[in-house]
Amino acid sequence: MLLPLLRSHPLLHLHHAARLSPPSAPRLLLRRAARSPLPPLRARANQPTRMAASSGSNANSPAPSPPPPVAHKSKIRFCPSCGSPTKMAIPDGDEKMRAICSSCGRVHYENPKMVVGCLVEHDNKVLLCRRKIEPAYGLWTLPAGYLEVGESTAEGAARETLEEACADVEIISPFAQLDIPLIGQVAVDFK
């Protein structure tokens, strides 16, 4: 999921995948190598493409406008409270289309999923995991997963790293936050 955005990062290459001891080993510290500072990551989502005017075109023509936003289609087809079908409408006092129960009138909101993970550096190598499920089956990624109810983002990142890579880590600080509205996710990674 995060690999396309991180692929060009100097510490994230396939030959840097660290082999770590089982969870009973001493705790790993997530930190940067002092001799090679990490460049900032920049998300590429929601940035309109700018096109330069070619020599043969009209230089005074306006830049092309970004594509219109994609209309969101709700995944909530039935009311979780009463089981009746939902319909898409704009509730009073709101400005967005929402799934509204056709029977009880309850408004159902869809919120983004929170994905948490860690950038683990150990012996000047970065820990990567190979995905065993879709999407992106077989590709390399940071150890990460969905945040559970009742845990902080740092606790969730440490838990996911233990589950995904059997690495018991100590969170040092936040590393990156990536907003991915196209798929309704927010990713928070720690180092």
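The values are calculated or read from the model by the stated rules, or taken from the named source; none is laboratory data. The shown structure was predicted, so the numbers you read here are calculated from the model rather than taken from an experiment. For neighbour counting, all protein chains shown are included, and Cβ atoms are generated from backbone atoms with ideal geometry for every residue, glycine included. Each accessible area value is taken on the protein alone, full model and side chains, heavy atoms only, with ligands, DNA and RNA left out. Shrake-Rupley method; radii C 1.70, N 1.55, O 1.52, S 1.80 Å.
Observations
- Any hit, the stretch 156-169, residues being open to solvent by 20 Å² or more (accessible area, probe 1.4 Å), within 25 Å of LYS73 (Cα to Cα) and not aromatic (Phe, Trp, Tyr): no
- Contacts under 8 angstrom Cβ, first residue in the stretch 172-186 being within 19 Å of ALA158 (Cα to Cα), partner among the aromatic types (Phe, Trp, Tyr) and open to solvent by less than 30 Å² (accessible area, probe 1.4 Å), 6 or more apart: ILE172/PHE190; SER173/PHE190; PRO174/PHE190; PHE175/PHE190
- PRO143 falls short on exactly one of the conditions (1) of a type outside the set (A, V, I, L, M); (2) touching a His at 6+ places or on another chain (Cβ under 9 Å); (3) surrounded by 18 or more Cβ atoms within 10 Å (Cβ to Cβ), and that condition is (2).
- In the stretch 115-125, residue nearest to LYS191 (Cα to Cα) [restricted to those that are open to solvent by less than 80 Å² (accessible area, probe 1.4 Å) and modelled with pLDDT under 95]: GLU121
- Yes/no for PRO112 being under 28 Å from SER152 (Cα atoms), touching a Gly at 6+ places or on another chain (Cβ under 6 Å) and either modelled with pLDDT under 95 or not basic (Lys, Arg) (or both): yes
- Residues being over 16 Å from ALA187 (Cα atoms) and touching a residue at least 12 places away in the same chain (Cβ under 8 Å) are entirely absent from the stretch 141-151.
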